[in-house]
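One structure below.
The values are calculated or read from the model by the stated rules, or taken from the named source; none is laboratory data. Keep in mind that this is a model prediction, so the values were computed, not measured. Counting neighbours? That spans all protein chains shown, and the Cβs are built from the backbone with ideal geometry, glycine included. Just so you know, the surface numbers come from the protein's heavy atoms only, side chains and all, with ligands and any DNA or RNA stripped out. Shrake-Rupley method; radii C 1.70, N 1.55, O 1.52, S 1.80 Å.
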Amino acid sequence: MERAGVADILNAAGFRFNKALGQNFIFDSNLLDAIVSDAGVTAEDTVVEIGTGAGTLTARLAARAKKVFSFEVDERLRPVLDLTLQGVGNAEVVFRDVMKMKDAEVTDIVGGGTFRVVANLPYYITTPLIMRFVESGLPVSSLTVMVQKEVADRLTAEVGSADYAAVTLAVKMFGDAAVMRTVDRRMFRPAPNVDSAVVRLDRVPGRLDGTDEKLVRKLVRAAFAMRRKTLVNNLSAAFGIPKQSAAECVTACGFPVDIRGERLSLDDFIRLSGAMGR
Ligand code: SAM
């Protein structure tokens, strides 16, 4: 259903956009098709969409995928979606907050096979949502997410750059991240006050194989806890160890004693976990 149709249905239902739920919808067919292409969806794929809205992206995902499970929290959209997704037999809308669901509950709905996540969500939950999936045990093969441009920069940042952050590394542990396109704020109804980008994360299995995963994650969190402090100071604080011991671990890996966490790549953190674990 094209823009006028969906907009008319929203109007006829007396639908009012809820700012608190981040309801900035996309009606532009070209952009919707581009997002589906960015996500790499094929006829073999199960897709989990988060934030159904008026179902504009859902319908296009369903046209390419085997099956779409779309999660939405706003029950007011039920009558709208009954119309906009009429005849779309392979899309199922689930009125639940995926952020509050356990992995097993998601699996009960989606089934045990791998799936792709696609989301155009309120900006305040994009980072928690990405973390929820990249750190879960769920068989997610990729995530394609509309994020604020600044978040896209952080997710894809180079080691040592100003945007390099704990979330960059969390994503690196999952796989590879790429910005697929930038999206002008005027492409949304209503327009938000930031520009956006579509980011795709593809799982690369085995990045943490043979490591103490929990320790690697704790080291990353510690290293970025106080960005302006040295790695030694952050490790000493987070692990409750004397600075001298932290310094020994850092220098044993060949890093200068005054290095900051933002200079370390994922491989460096893995190396450090070896030294810390000893
Ligand atoms: N996908 C639609 C589109 O592109 O037009 C809607 C996008 S709109 C930015 C985000 C949608 O996510 C809203 O419909 C909102 O009600 C819904 N939402 C907000 N929080 C959510 C949550 N925790 N889980 C699922 N959906 C949520």
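Quick rundown of the values:
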| read-out | value |
| --- | --- |
| Residue ID - farthest from Ala157 (Cα to Cα), chosen from residues in the range 179-205 that are touching a residue at least 60 places away in the same chain (Cβ under 8 Å) and outside any strand (DSSP E or B) | Pro190 |
| Filter result for Val41 (surrounded by fewer than 23 Cβ atoms within 10 Å (Cβ to Cβ), outside any strand (DSSP E or B) and in contact (Cβ under 8 Å) with a residue 24 or more places away in the chain) | no |
| Segments classed as helices (runs of 4 or more DSSP H), wholly inside the range 62-178, with at least 1 members that are more than 27 Å from Arg207 (Cα to Cα) | 78-84, 103-110 |
| Matching entry among Arg181, Arg207, Arg228, Arg186 (being surrounded by 14 or more Cβ atoms within 10 Å (Cβ to Cβ), of a type in the set (D, E, K, R) and out of contact with any Asp or Glu (no Cβ under 7 Å at 6 or more places or on another chain)) | Arg207 |
| Residue list for the range 49-69, filter: near the ligand (Cβ under 8 Å from one of its atoms) and either open to solvent by 40 Å² or more (accessible area, probe 1.4 Å) or not charged (D, E, K, R) (or both) | Ile50, Gly51, Thr52, Gly53, Ala54, Gly55, Thr56, Leu57, Thr58 |
| Matching option when the condition is surrounded by fewer than 18 Cβ atoms within 10 Å (Cβ to Cβ), touching a Ser or Thr at 6+ places or on another chain (Cβ under 8 Å) and under 30 Å from Phe115 (Cα atoms), among Asp176, Asp258, Asp267, Asp212 | Asp212 |
| Hits in the range 99-129 (condition: within 12 Å of the ligand (Cβ to nearest atom), farther than 19 Å from Thr56 by Cα and open to solvent by 30 Å² or more (accessible area, probe 1.4 Å)) | Met99, Lys100, Tyr124, Ile125, Pro128 |
